[in-house]
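Here the structure is laid out as structure tokens; the discussion comes afterwards.
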Amino acid sequence: MLINIDGKMCKGHAGETLMEVANRNNIDIPSLCYKKGFEGLGRCRLCLVEVKEGKRKKIVSACVYPIKDGIEVITSTDEIIKMRKDIILLLLLRSPENDYIKELAEEYGVKSPKKYKDQKNDDCILCGLCVEACEKLGTNAISFVYRGITKKVSTPFDDPSKDCIGCGSCAEVCPTNAIKLREINGTRTIWNRSFDLIQCTVCGNYYTTAESLKYVEEKLDYEEDHICERCKRKAMGSKFKESFQNIY
Ligand code: SF4
């Protein structure tokens, strides 16, 4: 399939979304809730773009819109920018103290009206990426709870969850740094639960929790070597260099 994004002809295949094709072609479409490797969630709505199909024009969310052959896409028009600004204003009213949202608002020239200046801050924009990450891992320790203005992400009853392995994937994917993960003296605290951290046998740095290691070992049925990702990459780099030198 061939589609035109901002005048550039881009190849894609059936089932791919506009966001995936745009990303592969280094075309930037703003988003908070889209993460490579995840299905589009269509929650933040910042990735609105204009799609022309024959004579018809429509505004769609790029992260959930499956491409069709021959469509023409414009990622930024006056109408789209106006819509994005409205969305950013709503985000700013929810998260007025959040650095990521403030940065976005500044980029788009959005200011919060004075009468809302004392609004309570909530760093979480309810995008659901953390819940998706936890679900993908198969741990399902967190989910959306309550409805309407009280809706939030949490463990059941806000209690320390026995299903949480303290891996921190939720905090890692969060676009607004809303999930508090603290590490002090070899202990990681997240979602009201504390975990002992394991040290890398090469560099000695704390890098994961005992529960995460056990979970991976059981899932993949192999014994972990207790080496952090950084040291593993370093070792692989040296091996590659060595074999490269042996060839040439
Ligand atoms: S905590 Fe972060 S990732 Fe989870 S829903 Fe809120 S903003 Fe999204």
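What follows is calculated from the coordinates using simple rules that are stated; it is not laboratory data. Everything quoted here is computed from the prediction, not taken from an experiment. Virtual Cβ from ideal backbone geometry, glycine too; neighbours counted across all protein chains shown.
For the reader, a short list of remarks on this structure follows.
- Cross-link partners of K102 among lysines (Cα-Cα below 22 Å; sequence separation of 8 or more within a chain): K35, K82, K85, K111, K114, K115, K117, K120, K152, K180
- Here is the list for the stretch 110-181: trypsin sites (Lys or Arg not before Pro) lying in DSSP coil, each with at most 12 other C-beta atoms within 10 angstrom of its C-beta, are K111, K117, K120, R147, K151, K162, K180.
- Coil-residue trypsin sites (Lys or Arg not before Pro) of the stretch 5-96, DSSP, other Cβ within 10 Å capped at 10: K36, K55
- Per-bin percent of Cα-Cα distances, the stretch 9-122 [10 Å]: 14, 41, 29, 13, 3
- Across the chain, Cα pairs under 8 Å and at least six residues apart give a relative contact order of 12 percent.
- Per residue of the chain, the DSSP helices (runs of n ≥ 4 H) give a summed -39500 (n - 2.57) that works out to -9500 deg cm²/dmol at 222 nm.
- Evaluated with a Cβ-only charge set (Lys, Arg +1; Asp, Glu -1), the stretch 2-76 carries a dipole of roughly 160 debye about its Cα centre, given to the nearest 20.
- In percent, rounded to a whole number, the relative contact order of the stretch 2-76 is 40, using alpha-carbon pairs under 8 Å and six or more apart.
- Distances between placed amide hydrogens fall under 5 Å for L48 paired with A62, all partners being 5 or more residues away or on another chain.
- Between the stretch 35-88 and the stretch 193-209, the Cα center-to-center distance that results, in Å: 42
- Qualifying chymotrypsin sites (Phe, Trp or Tyr not before Pro) in the stretch 149-237, DSSP loop, other Cβ atoms within 10 Å at most 11: Y222
- Relative contact order of the stretch 82-173, defined on C-alpha pairs under 8 angstrom at six or more residues apart (%): 22
- Computed over the chain, Kirkwood Rh from alpha-carbon pairs, angstrom: 21.1
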